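See below for the structure under consideration.
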Amino acid sequence: MTPDDSPTDNATPETAEDESNDADNPLPETVVDEAERLTRLARQVGDEAEQEAYRAQRDDTLAEHDYTARLREEDETLVLYPDAWLDGDTVRLERVEDTDRAVEVSLSATAGDDDWAAIEAANAELVERVADEHGSPHAANARAFADFMGNHYLTRIEDATAEHVQEFTEEYYPRNAWATADQRAAVDASLEYLFAAADTECPTMPADVEN
């Protein structure tokens with residue numbers, strides 16, 4: 001079996017009754033999303049060094065959970081395997097105790113509004129408006145949020161929820177934006193400008209659930 005092939009029904013799950021929820025859901029959804037996002041970015045950029053950087057960041061993220069990524073080219077599917085299943089680059093069927101531990105994510109483009117290119121074009125237009133009207137550092141912050149919504153959630157900016165904004169400002173932005181001090185100081189205003197460009201208000205969490 002090659003690394004691009006996912007386990008088949010020949011591998012019978014042998015799930016113990018006392019297995020934890022972590023066994024049923026071996027990877028946190030945020031980790032799967034991040035692996036997908038970084039894989040999509042690696043496929044989109046033209047520079048080989050950038051491609052390798054995105055792949056390395058993805059692999060490091062998965063390694064923290066003892067998982068490895070493989071790309072099944074024939075159907076454009078990202079497959080995440082537990083390291084324990086692998087012998088070099090080969091999946092060993094005798095090591096597969098529960099096929100549900102593998103995670104598969106389709107990378108193929110979908111039709112309509114879910115198409116990444118269409119979402120990116122719409123979000124990029126809003127970023128350009130912010131750049132034209134408010135300049136730097138707001139344009140850089142708007143671009144970071146557009147990347148977050150498009151690559152991480154495949155969602156248009158105007159459809160972002162308060163939870164999206166909170167995750168962006170508290171988790172994604174500090175880790176991934178590489179923002180300058182001026183950009184960090186302006187990020188709240190930048191989001192207000194970005195949503196205003198989309199003719200909507202910036203969503204916020206209710207006061208009773210805010211930290």
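The reciprocal of the average 1/r between distinct C-alpha atoms defines the Kirkwood hydrodynamic radius, which for the range 128-206 equals 12.3 Å. Taking label points 7 Å from Cα along the Cα-to-Cβ direction, Leu107 and Glu128 give a separation of 2.8 nm.
Taking the range 123-179, which chymotrypsin sites (Phe, Trp or Tyr not before Pro) meet the DSSP loop condition and have no more than 14 other C-beta atoms within 10 Å? Don't jump to the answer; show the numbers that get you there.
Values: sites: Phe145, Phe148, Tyr153, Phe168, Tyr172, Trp178; in loops: Trp178.
Listed in order of number, the matching sites are Trp178.
Note on Thr161 and Glu29: their simple-model spin labels are 0.8 nm apart, each label 7 Å out from Cα toward Cβ. Placing pseudo-labels 7 Å out from each Cα toward the beta carbon at Glu170 and Glu73 gives an inter-label distance of 4.2 nm.
Remark on Tyr67: its backbone amide H falls under 5 Å from those of Asp83, a criterion applied only to residues 5 or more positions apart or on other chains, H modelled at 1.01 Å from N. Remark: relative contact order (the range 104-204) = 32 percent; criterion is Cα-Cα distance under 8 angstrom and separation of 6 or more residues. In the full protein context, the range 137-211 carries 52 Å² of accessible surface per residue, based on a 1.4 Å probe and ignoring ligands, DNA and RNA. Round to the nearest 0.05 the FRET efficiency obtained for Asp83 and Asp47 when R0 = 25 Å and r is the Cβ-Cβ distance. The computed FRET efficiency comes out at 0.30.
The values are calculated or read from the model by the stated rules, or taken from the named source; none is laboratory data. A quick note: this is a predicted structure, and the numbers were derived from the prediction, not measured. FYI the Cβ positions are ideal-geometry reconstructions off the backbone, even for glycines, and counts take in every protein chain you see. Note: areas computed on protein heavy atoms with side chains; ligands, DNA, RNA excluded. Shrake-Rupley method; radii C 1.70, N 1.55, O 1.52, S 1.80 Å.
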